[in-house]
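Just below is one structure, and these are the notes that go with it.
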Amino acid sequence: MSGLAESFAAVRQRIADAARAAGRDPSSVQLLAVSKTRTADDVATLAALGQREFAENKVQELVAKAEELAHLDLRWHLVGQLQRNKATAVVGTGAVVQSVDRVSLVERLAGVAERAGTVAEVFVQVDLGGPEGEAAARGGVAAELAPELADAVAEQPALRLRGLMAVAPRGEEPGPAFARLAALSERVRRDHPGAVELSAGMSGDLEEAVAAGATVVRVGTALFGPRPLASGAGP
Ligand SMILES: *Cc1c(COP(=O)(O)O)cnc(C)c1O
């Protein structure tokens, strides 16, 4: 097996083990491959192994790879912060926007999707706290404001609310943070029963996320190896 085939199998095994340990069906957890800073060739290699869902944290990189690999029929997700002036480019790729964290962005995405005659799928990104400044860089709406933002998404006919997304804060055990996210998700689902997805967990904490109920885990490093430090592609 190639290195990527091996790590792909290992990550899928980790997800399956975590699901079984939590008494869940492994097929209830979707693997999202985070391909930021990787080449289109890396994505194509993983696609050839059967992976369909990929994520980027920069619009430009997402658009470039989506165009270059259009023949592969992949599904793209944006997991990084989105400026309003780039909404058109993202919606044009049909990407799922997992980083919706403010009303102005909801309105902009809805307007763009409506004009394009499509329905854009979105997640509300929640800030789970952590060191000051980190949240600002990472994005996310404060937990107490998340239900309101979910309402704003649901009011838009051109948007479909899939669920919540979050990154565990640094310097804290991920388990309790994911438990707070899961409680919030339950609350949002009372008003929006279709918002069933919970996007949480990365290479270092996917087990804790699956235990808390994650339906989507976003994995980069454990699939592709460490990213170049200078890429500025954190977290
Ligand atoms: C980079 C990134 C990931 C993947 O992180 P790894 O630790 O490389 O698995 C997941 N989610 C978001 C929002 C990211 O920016």
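Quick check on segment 183-195. Is at least one of its residues at negative phi and within 10 Å of the ligand (Cβ to nearest atom)? No. Ala70 fulfils the conditions (1) surrounded by fewer than 20 Cβ atoms within 10 Å (Cβ to Cβ); (2) within 21 Å of Ala179 (Cβ to Cβ) except for a single criterion, (2). The set of residues from segment 93-111 being β-branched (Val, Ile, Thr) and without any contact (Cβ under 8 Å) to a residue 40 or more places away in the chain comprises Thr93, Val97. The single condition among (1) buried (at least 17 other Cβ atoms within 10 Å of the Cβ); (2) not in a strand (DSSP E or B) that Gln60 does not meet is (1). The set of residues in segment 9-41 that are surrounded by 15 or more Cβ atoms within 10 Å (Cβ to Cβ), farther than 15 Å from Leu206 by Cα and out of contact with any Leu (no Cβ under 7 Å at 6 or more places or on another chain) comprises Ser35, Lys36, Thr37, Arg38. Residues of segment 8-41 that are farther than 21 Å from Val79 by Cα and acidic (Asp, Glu): Asp17, Asp25. Between a first residue in segment 159-176 that is in contact (Cβ under 8 Å) with a residue 24 or more places away in the chain and a second residue that is acidic (Asp, Glu), which pairs have beta carbons less than 6 Å apart while being 6 or more apart in sequence or on different chains? Qualifying pairs under 6 Å: Arg160/Glu121; Arg162/Glu121; Arg162/Glu197; Gly163/Glu197; Ala168/Asp205; Pro174/Asp205; Pro174/Glu208; Gly175/Glu208. If the requirement is being closer than 23 Å to Arg75 by Cα, at pLDDT 95 or above and touching a Leu at 6+ places or on another chain (Cβ under 9 Å), which of these qualifies: Thr221, Thr215? Within the list Thr221, Thr215, the selection yields Thr215.
The values are calculated or read from the model by the stated rules, or taken from the named source; none is laboratory data. Source: prediction; values computed, not measured. Every residue, glycine as well, gets a Cβ built from its backbone with ideal geometry; the counts of neighbours run over all protein chains shown.
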